[in-house]
Amino acid sequence: ILKQLADKDQYYVTVVQHNNPPPFSKAGNIHIISSSISNLNLSSFDHFPDVVIHAARNRTGRFGRLGRFILSMKGRYENKKLLNQIERSNKRTKIIYISGRLMYGSHPNELITESSPLHPLSSASEYVNAELPFYQAVLPNDPNVIMLRVPWVIGYGSWFKWFYADYIKTYKEIPLYTHNKGMMTFIDIEDLAQSIIRLCNIDFRGLLNLFYPK
């Protein structure tokens, strides 16, 4: 997303950096703020944002499901705080929150649409808590929120690379994590970034599933 925004001078981009400096940070239209989500204050930005692209999540490699649950509840508090800042500002700031298809669970023989109920699967069972403020906002069609559910992302740094491509390269085997009837849909990281930037500029609010139709 940042790579494509860095090539477009019409955008003034503020990036929240936590631990690691983001790539493309030397582009002239990209400006860095060092902060955690917990301490984020949109009013301190040089420009109160027209759009917030939220692709962050608290993550843990410790304590398994308990650790994920604790951090997901922390994320829930942080996300509600972010929404409250925008509501209090009286600005027409749009939030694009990026989520995953695991929130729908496993439906190998069913068509999943935006109106399908949630049945979180695997790690999504805990992480769903963090996105509840946005999910509850899109249900009554909050004019500020887009919740974007994406499939497996193909590209550098993606979960697919970690879970599948790197494993296949190392062990010369295709890993099987659940039953053998699971179906997967994909999107290329460049296509995903283009879709998100297009959403910044069109009048759409609500829940949107992205997928590659073939």
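Using 0.36 nm times the number of residues separating E190 and Y212, minus their current alpha carbon distance, what extension gain do you get?
6.6 nm is the gain from fully extending E190 to Y212.
Can you give me the relative contact order of the stretch 94-214 as a percent, contacts being Cα pairs under 8 Å and 6 or more apart?
Here the relative contact order equals 33 percent.
Output the direction-averaged projected area (hull surface divided by four) of the convex hull of the alpha-carbon atoms of the chain, in nm².
Numbers: hull surface 52.8 nm².
Average of the hull's projected areas for the chain equals 13.2 nm².
Report the extension gain between K80 and F204 in nm, rounded to one decimal, defined as 0.36 nm multiplied by the number of residues separating them, less their alpha carbon distance.
42.5 nm
Can you give the FRET efficiency to the nearest 0.05 for A165 and Y135, using r as the Cβ-Cβ distance and R₀ = 25 Å?
With R0 = 25 Å, the Cβ-Cβ based efficiency is 0.25.
To the nearest 10 square angstrom, how much accessible area does W159 have with a 1.4 angstrom probe?
100 Å²
Only bridges whose two residues both fall in the stretch 48-161 count here: according to DSSP, what percent of them are antiparallel, nearest 5?
0 percent
When the solvent-accessible surface of protein heavy atoms is calculated with a 1.4 angstrom probe, in what order do F160, F134 fall, highest first?
Accessible-area ranking of F160, F134, largest first: F160, F134.
Quick one: putting +1 on the C-beta of Lys and Arg, -1 on the C-beta of Asp and Glu, what dipole do you get for the stretch 118-214 around its Cα centre, in Debye to the nearest 20? Intermediate results must be reported in sequence, preceding the final value.
Details: 8 positive and 9 negative charges, 57 e Å.
Here the stretch 118-214 has a charge dipole of around 280 debye.
With each pseudo-label sitting 7 Å past Cα toward Cβ, what's the S89-L111 distance in nm, one decimal?
Each label point is offset 7 Å from its Cα along the Cβ direction, giving 3.8 nm.
The values are calculated or read from the model by the stated rules, or taken from the named source; none is laboratory data. Not measured: the values here are computed from a predicted model. Glycine gets a Cβ as well: all are built from the backbone with ideal geometry, and neighbour counts include every protein chain shown. SASA here: full protein model, heavy atoms, side chains in, ligands and nucleic acids out. Shrake-Rupley method; radii C 1.70, N 1.55, O 1.52, S 1.80 Å.
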